[in-house]
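S.K.: The structure that follows is given in the form of structure tokens.
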Protein chains: 2
Amino acid sequence: MTRKVKIPVSTVGRLSIYLRVFSQVAKTQGTISSKGLAEWTGINSAQVRKDLAYFGQFGRRGVGYSIQDLKAQITSILGLDREWNAAIIGVGHLGTALLMYRGFGSRRFKVTAALDTDPDKISWELEGIRIHDLADLAAVAREKRIEIAILSVPAEAAQEVANQVVAAQIPAILNFVPVRLVVPKHVLLRDVDLAGELEALTYAMRKR
Amino acid sequence: MTRKVKIPVSTVGRLSIYLRVFSQVAKTQGTISSKGLAEWTGINSAQVRKDLAYFGQFGRRGVGYSIQDLKAQITSILGLDREWNAAIIGVGHLGTALLMYRGFGSRRFKVTAALDTDPDKISWELEGIRIHDLADLAAVAREKRIEIAILSVPAEAAQEVANQVVAAQIPAILNFVPVRLVVPKHVLLRDVDLAGELEALTYAMRKR
């Protein structure tokens, strides 16, 4: 079950999508066909079969895939068989929205701390989560066992804050700031590019 | 220049990334090698060459690619050779963050309207953008020529609001709500899955 499988990044993104579908579909059915999964996700069924074959899952003709089995495997592959502690750094509008975002908790991400530099925000609680002084990042990261720093700070502060995250030995950063950060190779960095999401839409609109 | 090229979705995402790099690199250099572009983006150079070959770009040995030429082609492929009008529906924390997001304007996305149902928000302006009553969506969409609806409403309202977007003949939706929406085939729908972004990180962390 915890076999480590090497999977292309694009497939990993689709596994997240499949997992979401399973949560909805499992209420009413025990198996799903590649065609069914394709319909739910909008991904073509050949791609679905190819993705599931990566970890040795082959649907049975006329029966399809066991949802429970697929769910367990994908959960394990995505590292979601345990909880991950995250901290939100920068409690402006986006940080607040992320603190309140309901999609994290249901997917094994636990936001256990928030940090900011604004004295008017420090020591307050939002959604039951205390806002700490960013200057205390290293101590907070240790105490709360933070594994993922979610960055939503102003662009001009982003690199400096990223340096503090690295110094605090937090191993991964999810970066919402539209700035290219430089971090050491041992730190995992993923950029969420909101304008990039719009570009995927305009590409499709332009093709029409 | 405006030749319509068919490109896999995963490549489209990388084109957005290349475009961002060009904006930074163009200040100091006129050409870039696939190796250079690989270093800036973290994407391997074989993949970079494959991506650029999709639209007939081949680097010259020892010279590399012309940044200006690549930039023009990718801009056109992504439909960014003109402006796109977007409306933000739901002006809560996330909607406000999106209204203030600096990354859109620099990439040819113009948020020209915001809409909400809260009487305390309607008629106010935020970042110079008027907040309209969601009940007036069709009229606002027509007047402001809205082509993209950015959805940041509460989960329980999302499908109903998506129906209103469809009725208002807005052709595309960027959905930030962690809910699977049902829309007619002629409406383009793209989900931004924030928890999915975290899963891509935990997948990588688990592999270590």
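Throughout, read-outs are computed from the coordinates displayed, never taken from laboratory work. Everything numeric here is computed off the predicted structure, so don't read it as measured data.
S.K.: Evaluate the relative contact order of chain A (contact order divided by residue number), counting alpha-carbon pairs under 8 angstrom at least 6 apart; express in whole percent. Please list the in-between numbers first.
M.R.: Values: 282 pairs, mean separation 28.8, N = 208.
Computed over chain A, the figure is 14 percent.
S.K.: Apply the Kirkwood formula to segment A:47-110: the hydrodynamic radius equals the inverse of the mean of 1/r over all pairs of different alpha-carbon atoms; give it in Å with one decimal.
M.R.: Details: mean 1/r = 0.0698 Å⁻¹.
Here the Kirkwood hydrodynamic radius works out to 14.3 Å.
S.K.: By its C-alpha gyration tensor, with a ≥ b ≥ c as the square roots of the eigenvalues, how is the protein assembly as shown shaped: rounded for a/c under 1.5, else prolate for a/b larger than b/c, else oblate? List each step's numbers first, then the result.
M.R.: Numbers: a/c = 1.05, a/b = 1.01, b/c = 1.04.
Because its axes are fairly even, with a/c under 1.5, the protein assembly as shown counts as rounded.
S.K.: Now a separate question. On the Cα set of segment A:9-77, report Rg and Dmax in Å, please.
M.R.: According to the Cα coordinates of segment A:9-77, Rg and Dmax are 10.6, 30 Å.
S.K.: Eigenvalues of the Cα gyration tensor times 5, then square-rooted: what semi-axes does that give for segment B:15-160, in whole angstrom, largest first? Provide the component values of the computation, followed by the final result.
M.R.: Numbers: eigenvalues 316, 39, 36 Å².
Semi-axes (√(5λ), whole Å): 40, 14, 13.
S.K.: Under the rule a/c < 1.5 gives rounded, and otherwise a/b versus b/c splits prolate from oblate, where does segment B:84-195 land using the Cα gyration tensor? If you can, show how the numbers build up before the last one.
M.R.: Working: a/c = 1.23, a/b = 1.18, b/c = 1.04.
Because its axes are fairly even, with a/c under 1.5, segment B:84-195 counts as rounded.
S.K.: Another question, then. Treating cross-link reach as a plain straight distance, find the lysines whose alpha-carbon is under 29 Å from the alpha-carbon of A:K35, omitting any fewer than eight places away in the same chain.
M.R.: The qualifying lysines are A:K4, A:K6, A:K27, A:K50, A:K71, A:K207, B:K6, B:K185.
S.K.: Please report, in whole Å, how far the alpha carbons of segment B:132-208 spread along each principal axis, starting with the longest.
M.R.: 53, 23, 21
S.K.: Which of A:I67, A:I88, A:I148 moves the most in a Gaussian network model of chain A with Cα springs under 10 Å?
M.R.: Among A:I67, A:I88, A:I148, the largest GNM mean-square fluctuation belongs to A:I67.
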